[in-house]
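Taking it in order: structure first as C-alpha coordinates, then the write-up.
The values are calculated or read from the model by the stated rules, or taken from the named source; none is laboratory data. Keep in mind the model is a prediction, meaning the values are calculated, not measured. Here the Cβ is made from the backbone with ideal geometry for all residues, glycine too, and neighbour counts use every protein chain on show. Each accessible area value is taken on the protein alone, full model and side chains, heavy atoms only, with ligands, DNA and RNA left out. Shrake-Rupley method; radii C 1.70, N 1.55, O 1.52, S 1.80 Å.
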Amino acid sequence: MKLSYTKSPLTFSEQVHLLQERGLIVPNSAYAELKLAQINYYRLSAYMRFFQDDASHCFREGTTFEQVIRLYYFDKKLRNLIFYAMEKLEVYFRTTYAYHTAMEPTLGAFGYTKSAKMHDLEKHASILEAIRRDVDRSKEVFVTHFFSKYDGDYLPVWMMVEVISFSTLSRLYGNLRAPVQQKIADSVNLNAKVLAGWLHSLTYVRNLCAHHARTWNKLLAIRPMVPRGNPAFSGLNNRKIFFVLSMIRYLLEAIDGDEYDFRGELMRLLAAYPDVPLYNMGFPEDWKARTLWVESKEEKM
(Lines give C-alpha, C1' and ligand atoms only; values in the text may rest on other atoms or scores of the structure.)
Protein backbone atom coordinates (compact mmCIF):
# COMPACT_ATOMS: atom_id res chain seq x y z
CA MET A 1 0.00 0.00 0.00
CA LYS A 2 1.38 3.41 -0.97
CA LEU A 3 1.84 6.13 1.65
CA SER A 4 0.53 9.67 1.45
CA TYR A 5 3.23 12.32 1.10
CA THR A 6 3.10 14.49 4.22
CA LYS A 7 6.42 16.36 4.26
CA SER A 8 6.06 20.12 4.60
CA PRO A 9 8.17 22.64 2.66
CA LEU A 10 11.04 24.24 4.57
CA THR A 11 12.43 27.75 4.42
CA PHE A 12 16.10 28.08 3.45
CA SER A 13 16.91 28.75 7.10
CA GLU A 14 15.02 25.60 8.14
CA GLN A 15 16.86 23.60 5.48
CA VAL A 16 20.20 24.70 6.96
CA HIS A 17 18.98 23.80 10.45
CA LEU A 18 17.94 20.33 9.25
CA LEU A 19 21.40 19.74 7.78
CA GLN A 20 23.00 20.83 11.04
CA GLU A 21 20.74 18.46 12.98
CA ARG A 22 22.03 15.66 10.75
CA GLY A 23 25.61 16.51 11.67
CA LEU A 24 26.71 18.71 8.76
CA ILE A 25 29.17 21.42 9.81
CA VAL A 26 27.91 24.80 8.56
CA PRO A 27 30.40 27.51 9.59
CA ASN A 28 28.50 30.25 7.75
CA SER A 29 24.72 29.90 7.83
CA ALA A 30 24.16 32.96 5.64
CA TYR A 31 26.39 31.48 2.92
CA ALA A 32 24.60 28.15 3.15
CA GLU A 33 21.19 29.84 2.84
CA LEU A 34 22.43 31.77 -0.19
CA LYS A 35 23.58 28.57 -1.90
CA LEU A 36 20.32 26.79 -1.10
CA ALA A 37 18.47 29.74 -2.63
CA GLN A 38 20.55 29.27 -5.80
CA ILE A 39 20.64 25.46 -5.90
CA ASN A 40 17.61 23.36 -5.02
CA TYR A 41 18.09 21.35 -1.81
CA TYR A 42 16.93 18.22 -3.62
CA ARG A 43 19.57 18.72 -6.34
CA LEU A 44 22.29 19.09 -3.71
CA SER A 45 21.02 16.05 -1.82
CA ALA A 46 22.47 13.79 -4.56
CA TYR A 47 25.93 15.05 -3.56
CA MET A 48 25.17 15.01 0.16
CA ARG A 49 24.47 11.28 0.07
CA PHE A 50 28.15 10.56 -0.52
CA PHE A 51 28.88 12.01 2.93
CA GLN A 52 25.91 10.44 4.71
CA ASP A 53 25.10 7.16 6.38
CA ASP A 54 22.57 5.39 4.16
CA ALA A 55 20.23 4.38 6.97
CA SER A 56 20.08 7.52 9.12
CA HIS A 57 20.99 10.23 6.57
CA CYS A 58 23.35 11.59 9.22
CA PHE A 59 26.60 13.06 7.93
CA ARG A 60 29.91 11.43 8.69
CA GLU A 61 31.89 13.22 11.37
CA GLY A 62 33.75 16.25 10.10
CA THR A 63 31.73 16.77 6.91
CA THR A 64 31.28 20.44 5.99
CA PHE A 65 28.82 22.28 3.80
CA GLU A 66 31.76 23.53 1.72
CA GLN A 67 32.71 19.93 0.84
CA VAL A 68 29.23 19.31 -0.55
CA ILE A 69 29.32 22.55 -2.56
CA ARG A 70 32.78 21.77 -3.96
CA LEU A 71 31.58 18.39 -5.15
CA TYR A 72 28.60 20.03 -6.82
CA TYR A 73 30.76 22.60 -8.62
CA PHE A 74 33.24 19.95 -9.71
CA ASP A 75 30.41 18.01 -11.34
CA LYS A 76 29.12 21.18 -12.99
CA LYS A 77 32.54 21.87 -14.53
CA LEU A 78 32.88 18.25 -15.62
CA ARG A 79 29.53 18.48 -17.41
CA ASN A 80 30.65 21.68 -19.14
CA LEU A 81 33.85 19.95 -20.25
CA ILE A 82 31.90 17.01 -21.70
CA PHE A 83 29.35 19.28 -23.37
CA TYR A 84 32.06 21.35 -25.08
CA ALA A 85 33.73 18.19 -26.40
CA MET A 86 30.37 16.84 -27.54
CA GLU A 87 29.87 19.84 -29.83
CA LYS A 88 32.97 18.83 -31.79
CA LEU A 89 31.84 15.22 -32.00
CA GLU A 90 28.32 16.18 -33.07
CA VAL A 91 29.53 18.43 -35.87
CA TYR A 92 31.92 15.73 -37.08
CA PHE A 93 29.36 12.92 -37.17
CA ARG A 94 26.75 15.13 -38.84
CA THR A 95 29.31 15.92 -41.53
CA THR A 96 30.56 12.35 -41.91
CA TYR A 97 27.07 10.84 -42.08
CA ALA A 98 26.03 13.36 -44.74
CA TYR A 99 29.16 12.85 -46.83
CA HIS A 100 29.25 9.06 -46.88
CA THR A 101 25.53 8.60 -47.50
CA ALA A 102 25.42 11.30 -50.19
CA MET A 103 28.45 9.86 -51.99
CA GLU A 104 27.06 6.31 -51.94
CA PRO A 105 25.57 5.69 -55.43
CA THR A 106 22.63 3.69 -54.05
CA LEU A 107 21.72 6.43 -51.57
CA GLY A 108 22.53 9.98 -52.70
CA ALA A 109 20.98 13.20 -51.46
CA PHE A 110 17.74 11.59 -50.25
CA GLY A 111 19.02 8.11 -49.49
CA TYR A 112 18.09 8.42 -45.83
CA THR A 113 14.42 8.24 -46.89
CA LYS A 114 14.84 4.85 -48.63
CA SER A 115 13.47 2.08 -46.43
CA ALA A 116 15.19 -0.64 -48.50
CA LYS A 117 18.57 0.66 -47.34
CA MET A 118 17.73 0.39 -43.64
CA HIS A 119 17.82 -2.52 -41.19
CA ASP A 120 14.42 -2.08 -39.54
CA LEU A 121 11.43 -0.72 -41.47
CA GLU A 122 9.41 0.20 -38.37
CA LYS A 123 12.35 2.05 -36.86
CA HIS A 124 12.92 3.80 -40.15
CA ALA A 125 9.33 5.07 -40.25
CA SER A 126 9.70 6.38 -36.70
CA ILE A 127 13.01 8.07 -37.55
CA LEU A 128 11.51 9.78 -40.61
CA GLU A 129 8.69 11.09 -38.44
CA ALA A 130 11.28 12.48 -35.99
CA ILE A 131 13.11 14.13 -38.89
CA ARG A 132 9.86 15.73 -40.09
CA ARG A 133 9.24 17.15 -36.61
CA ASP A 134 12.80 18.51 -36.36
CA VAL A 135 12.56 20.10 -39.82
CA ASP A 136 9.12 21.60 -39.08
CA ARG A 137 10.46 23.16 -35.87
CA SER A 138 13.52 24.60 -37.59
CA LYS A 139 13.74 28.36 -38.11
CA GLU A 140 16.76 28.12 -40.40
CA VAL A 141 16.50 30.31 -43.50
CA PHE A 142 17.90 27.56 -45.74
CA VAL A 143 14.97 25.28 -44.80
CA THR A 144 12.35 27.83 -45.83
CA HIS A 145 14.29 28.67 -48.98
CA PHE A 146 14.59 25.02 -50.04
CA PHE A 147 10.90 24.17 -49.70
CA SER A 148 9.84 27.41 -51.38
CA LYS A 149 12.02 26.60 -54.41
CA TYR A 150 11.92 22.80 -54.76
CA ASP A 151 9.29 20.06 -54.78
CA GLY A 152 9.47 17.24 -52.25
CA ASP A 153 8.90 16.47 -48.60
CA TYR A 154 12.50 16.09 -47.47
CA LEU A 155 15.71 18.09 -47.35
CA PRO A 156 18.87 16.75 -48.99
CA VAL A 157 20.98 14.93 -46.43
CA TRP A 158 23.61 17.68 -46.08
CA MET A 159 20.87 20.10 -45.01
CA MET A 160 18.89 17.58 -43.00
CA VAL A 161 21.78 16.73 -40.67
CA GLU A 162 22.06 20.37 -39.61
CA VAL A 163 18.54 20.60 -38.19
CA ILE A 164 17.88 17.19 -36.63
CA SER A 165 18.75 16.33 -33.04
CA PHE A 166 21.84 14.31 -32.23
CA SER A 167 19.52 11.60 -30.95
CA THR A 168 17.87 11.36 -34.38
CA LEU A 169 21.28 11.27 -36.06
CA SER A 170 22.32 8.44 -33.75
CA ARG A 171 19.18 6.48 -34.67
CA LEU A 172 19.76 7.12 -38.38
CA TYR A 173 23.28 5.75 -38.17
CA GLY A 174 22.23 2.76 -36.06
CA ASN A 175 19.60 1.74 -38.61
CA LEU A 176 21.84 2.21 -41.65
CA ARG A 177 22.97 -0.90 -43.51
CA ALA A 178 26.54 -1.83 -44.36
CA PRO A 179 28.81 -0.97 -46.11
CA VAL A 180 28.09 2.74 -45.60
CA GLN A 181 27.66 2.28 -41.86
CA GLN A 182 31.13 0.71 -41.65
CA LYS A 183 32.66 3.44 -43.83
CA ILE A 184 31.56 6.00 -41.26
CA ALA A 185 32.91 3.82 -38.43
CA ASP A 186 36.20 3.36 -40.30
CA SER A 187 36.77 7.10 -40.10
CA VAL A 188 37.25 6.69 -36.34
CA ASN A 189 38.73 3.16 -36.46
CA LEU A 190 35.78 1.42 -34.83
CA ASN A 191 33.48 -1.48 -35.58
CA ALA A 192 30.13 -0.21 -36.89
CA LYS A 193 28.17 -1.90 -34.10
CA VAL A 194 30.43 -0.38 -31.45
CA LEU A 195 30.08 3.10 -32.94
CA ALA A 196 26.29 2.73 -33.05
CA GLY A 197 26.32 1.88 -29.35
CA TRP A 198 28.68 4.71 -28.55
CA LEU A 199 26.56 7.29 -30.37
CA HIS A 200 23.51 6.09 -28.44
CA SER A 201 25.38 6.41 -25.14
CA LEU A 202 26.82 9.81 -26.06
CA THR A 203 23.32 11.05 -26.84
CA TYR A 204 22.24 10.03 -23.36
CA VAL A 205 25.26 11.65 -21.68
CA ARG A 206 24.87 14.80 -23.77
CA ASN A 207 21.28 15.09 -22.54
CA LEU A 208 22.44 14.63 -18.94
CA CYS A 209 24.79 17.56 -19.41
CA ALA A 210 22.24 19.70 -21.25
CA HIS A 211 19.73 19.24 -18.42
CA HIS A 212 22.37 19.81 -15.69
CA ALA A 213 21.99 16.30 -14.32
CA ARG A 214 24.66 14.63 -12.19
CA THR A 215 27.47 12.73 -13.89
CA TRP A 216 29.74 12.19 -10.87
CA ASN A 217 29.05 8.91 -9.02
CA LYS A 218 26.23 8.04 -11.41
CA LEU A 219 25.41 4.65 -12.91
CA LEU A 220 24.76 5.31 -16.59
CA ALA A 221 21.38 4.06 -17.80
CA ILE A 222 22.73 3.37 -21.30
CA ARG A 223 25.97 1.38 -21.29
CA PRO A 224 28.46 2.01 -24.09
CA MET A 225 29.78 -1.08 -25.87
CA VAL A 226 33.30 -2.19 -24.97
CA PRO A 227 35.46 -2.46 -28.13
CA ARG A 228 37.19 -5.83 -28.34
CA GLY A 229 40.96 -5.98 -28.34
CA ASN A 230 41.43 -2.35 -27.27
CA PRO A 231 43.48 -2.24 -24.03
CA ALA A 232 42.45 1.37 -23.40
CA PHE A 233 38.97 0.12 -22.48
CA SER A 234 39.74 -3.27 -20.96
CA GLY A 235 38.60 -3.67 -17.38
CA LEU A 236 36.72 -0.35 -17.31
CA ASN A 237 33.26 -0.09 -15.82
CA ASN A 238 31.07 0.93 -18.75
CA ARG A 239 28.37 2.22 -16.42
CA LYS A 240 30.62 4.97 -15.05
CA ILE A 241 31.49 8.35 -16.56
CA PHE A 242 35.22 7.56 -16.92
CA PHE A 243 34.35 5.12 -19.69
CA VAL A 244 32.58 7.94 -21.52
CA LEU A 245 35.50 10.31 -20.93
CA SER A 246 37.74 7.67 -22.49
CA MET A 247 35.36 7.36 -25.46
CA ILE A 248 35.43 11.11 -25.98
CA ARG A 249 39.22 11.20 -25.75
CA TYR A 250 39.48 8.32 -28.24
CA LEU A 251 37.09 9.90 -30.75
CA LEU A 252 38.65 13.36 -30.54
CA GLU A 253 42.08 11.85 -31.13
CA ALA A 254 40.74 9.91 -34.13
CA ILE A 255 39.11 13.02 -35.59
CA ASP A 256 41.84 15.60 -34.97
CA GLY A 257 44.08 15.27 -31.96
CA ASP A 258 45.48 18.78 -32.37
CA GLU A 259 42.22 20.72 -32.27
CA TYR A 260 41.20 20.38 -28.64
CA ASP A 261 43.26 19.39 -25.61
CA PHE A 262 40.55 17.35 -23.89
CA ARG A 263 43.11 15.43 -21.83
CA GLY A 264 44.75 18.63 -20.62
CA GLU A 265 41.43 20.23 -19.70
CA LEU A 266 40.41 17.18 -17.70
CA MET A 267 43.79 17.05 -15.94
CA ARG A 268 43.49 20.71 -14.96
CA LEU A 269 39.98 20.18 -13.62
CA LEU A 270 41.06 17.19 -11.51
CA ALA A 271 44.07 19.14 -10.21
CA ALA A 272 41.76 21.96 -9.09
CA TYR A 273 39.63 19.47 -7.14
CA PRO A 274 42.09 16.98 -5.62
CA ASP A 275 39.60 16.11 -2.87
CA VAL A 276 37.05 14.65 -5.31
CA PRO A 277 37.24 10.83 -5.21
CA LEU A 278 37.90 9.41 -8.66
CA TYR A 279 36.83 5.83 -7.97
CA ASN A 280 33.20 6.98 -7.86
CA MET A 281 33.52 7.91 -11.53
CA GLY A 282 35.10 4.60 -12.54
CA PHE A 283 38.71 5.78 -12.78
CA PRO A 284 41.03 2.75 -12.41
CA GLU A 285 44.19 3.19 -10.35
CA ASP A 286 46.38 2.96 -13.46
CA TRP A 287 44.34 5.34 -15.60
CA LYS A 288 47.17 7.84 -16.17
CA ALA A 289 49.38 5.05 -17.53
CA ARG A 290 46.81 3.91 -20.08
CA THR A 291 47.50 4.76 -23.71
CA LEU A 292 44.65 7.25 -24.08
CA TRP A 293 45.74 9.30 -21.09
CA VAL A 294 49.52 9.35 -21.47
CA GLU A 295 50.64 12.82 -22.54
CA SER A 296 51.87 12.80 -26.12
CA LYS A 297 54.93 14.67 -27.39
CA GLU A 298 52.63 17.05 -29.32
CA GLU A 299 50.70 17.89 -26.15
CA LYS A 300 53.92 18.71 -24.30
CA MET A 301 54.92 21.25 -26.93
_Scan of region 170-195 for residues that are of a type in the set (A, V, I, L, M), more than 20 Å from Glu253 (Cβ to Cβ) and crowded, with 22+ Cβ neighbours inside 10 Å, ordered by number_ = Leu172, Leu176
*Residue list for region 184-212, restricted to those being farther than 30 Å from Arg43 by Cβ, among the aliphatic types (A, V, I, L, M) and in a helix (DSSP H, G or I)*: Ile184, Ala185, Ala192, Val194, Leu195, Ala196
*For Glu265, indicate whether it is of a type in the set (Asp, Glu) and modelled with pLDDT of 95 or more.*
yes
*Which of the residues belonging to region 96-117 are open to solvent by 80 Å² or more (accessible area, probe 1.4 Å) and either part of a helix (DSSP H, G or I) or in contact with a helix residue (DSSP H, G or I) (Cβ under 8 Å, 6 or more places away or on another chain) (or both)?*
Tyr99, Met103, Phe110
_Set Asn230, Asn217: member being at pLDDT below 95, farther than 19 Å from Leu292 by Cβ and of a type in the set (S, T, N, Q)_ = Asn217
*Please determine, by comparing only the residues of region 60-72 that are free of Cβ contacts under 8 Å to residues at least 40 places away in the same chain and not β-branched (Val, Ile, Thr), which one is least open to solvent (accessible area, probe 1.4 Å).*
Tyr72
*Between residues in region 263-279 that are farther than 14 Å from Lys76 by Cβ and in the same structural domain as Lys218 (by the TED database) and residues that are of a type in the set (A, V, I, L, M, F, W, C) and open to solvent by less than 20 Å² (accessible area, probe 1.4 Å), which pairs lie under 6 Å by C-beta distance while being six or more apart or on different chains?*
Glu265/Leu81
*When residues of region 118-144 are filtered for being surrounded by 11 or more Cβ atoms within 10 Å (Cβ to Cβ) and over 17 Å from Thr168 (Cα atoms), how many remain?*
4
*Arg70 versus (1) in contact with a Phe, Trp or Tyr (Cβ under 8 Å, 6 or more places away or on another chain); (2) at pLDDT below 95; (3) of a type in the set (Lys, Arg): which is the lone unmet condition?*
(2)
*How many residues does region 205-222 contain that are buried (at least 17 other Cβ atoms within 10 Å of the Cβ) and either touching a Gly at 6+ places or on another chain (Cβ under 9 Å) or free of Cβ contacts under 8 Å to residues at least 40 places away in the same chain (or both)?*
2
*asked:* Filter region 149-169 down to the residues that are of a type outside the set (Lys, Arg), open to solvent by 40 Å² or more (accessible area, probe 1.4 Å) and modelled with pLDDT of 95 or more and list them by number.
replied: Tyr150, Tyr154, Trp158, Met159, Glu162, Ser165, Ser167
*asked:* Every residue in region 226-249 that is in contact with a Phe, Trp or Tyr (Cβ under 8 Å, 6 or more places away or on another chain) and among the small types (Gly, Ala, Ser), please.
replied: Ala232, Ser246
*Here are some conditions: (1) in a helix (DSSP H, G or I); (2) not assigned by the TED database to the domain that holds Ser167. Glu295 meets all but one. Which one does it not meet?*
(1)
_Considering residues of region 223-249 that are farther than 17 Å from Lys77 by Cα and in contact (Cβ under 8 Å) with a residue 60 or more places away in the chain only, the residue most open to solvent (accessible area, probe 1.4 Å)_ = Pro231
